[in-house]
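Written below as structure tokens is the structure these notes are about.
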Amino acid sequence: MLIVYFSPANADRVDAVSGATPRTGDVSSVEYIAQIIGGQVDADTAKIVPADPYPIVYDDTANRAKSEQDQDARPAFELDVNPEDYDVIFVGYPVWWYHLPMIMQSFFDSYDFGGKTIIPFNTHAGSRDGGTYREIAALEPDASVLDGIAVAGERASDAEKDVLTWLAGLRY
Ligand SMILES: Cc1cc2nc3c(=O)[nH]c(=O)nc-3n(C[C@H](O)[C@H](O)[C@H](O)COP(=O)(O)O)c2cc1C
């Protein structure tokens, strides 16, 4: 199994992403949920790293994300594993502008997920999954896309019980 996730923030940035990303220890909310999953399931973990890092200032990231969406962009990324080597893949990301971040479209475009099980998890500020699980199922019609978990970013630090309950429901 693999846990793979995208979050624009790193440890240095979390404080600076004003309002959007409350502190959950030293990590962003998506990364925090990834860590909870990683503590429960026997999986490798890898981070989708943007080739061009997102700006520290929240409004700048918001603007860039919007223009990437408007342009149907496929931002480049680096990933130090090959998801095709795994059968079950947890995929984490924040909702951006009511959709998957475009870098997640790049991710789904880059590999063959046919026959694999994809388990989404995401953070948000009110949109819940924002329809992104359906977006993933549409992008990957030959994969089995399970019900994910949507965690409010500002409550991520309290989400462990909910995440473990969700995993138990998936028999993990
Ligand atoms: C560019 C951008 C767009 C966002 N759009 C939405 C949105 O449409 N709906 C929503 O509920 N939250 C939205 N958010 C809030 C994030 O999903 C939320 O803060 C999330 O916890 C961020 O995850 P992170 O801490 O791992 O970065 C947006 C945040 C950013 C930076």
key: Selected residue (only one of ASP129, ASP158, ASP72, ASP87 is away from the ligand (no atom under 14 Å from the Cβ) and free of Cβ contacts under 8 Å to residues at least 60 places away in the same chain)   = ASP72
inquiry  = Here is a check on your reading of the model: is TYR111 in contact with a helix residue (DSSP H, G or I) (Cβ under 6 Å, 6 or more places away or on another chain), at pLDDT 95 or above and either more than 16 Å from the ligand (Cβ to nearest atom) or not acidic (Asp, Glu) (or both)?
reply    = yes
inquiry  = Among the residues of the range 7-29, are any modelled with pLDDT of 95 or more, within 19 Å of VAL95 (Cβ to Cβ) and within 12 Å of the ligand (Cβ to nearest atom)?
reply    = no
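Per-residue answers, yes or no, for (1) charged (D, E, K, R); (2) within 19 Å of ALA150 (Cβ to Cβ); (3) surrounded by 13 or more Cβ atoms within 10 Å (Cβ to Cβ):
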{"residue": "ALA46", "(1), (2), (3)": "no, no, yes"}
{"residue": "ASN63", "(1), (2), (3)": "no, no, no"}
{"residue": "ALA73", "(1), (2), (3)": "no, no, yes"}
{"residue": "ASP85", "(1), (2), (3)": "yes, no, no"}
{"residue": "VAL88", "(1), (2), (3)": "no, no, yes"}
{"residue": "TRP97", "(1), (2), (3)": "no, yes, yes"}
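Scan THR117, THR123 and give me the residue that is buried (at least 23 other Cβ atoms within 10 Å of the Cβ) and at pLDDT 95 or above.
THR123
Looking only at the range 73-104, count how many residues are farther than 14 Å from VAL30 by Cβ and among the aromatic types (Phe, Trp, Tyr).
So the count comes out to 4.
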task = Give the residues of the range 136-155 that are surrounded by 12 or more Cβ atoms within 10 Å (Cβ to Cβ), among the small types (Gly, Ala, Ser), more than 16 Å from the ligand (Cβ to nearest atom) and under 19 Å from TRP96 (Cβ atoms), sorted by residue number.
result = ALA137
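The values are calculated or read from the model by the stated rules, or taken from the named source; none is laboratory data. Bear in mind the structure is a predicted one, so any value in this text is a computation, not a measurement. So basically every Cβ, Gly included, is an ideal-geometry build from the backbone, and we count neighbours across all protein chains shown.
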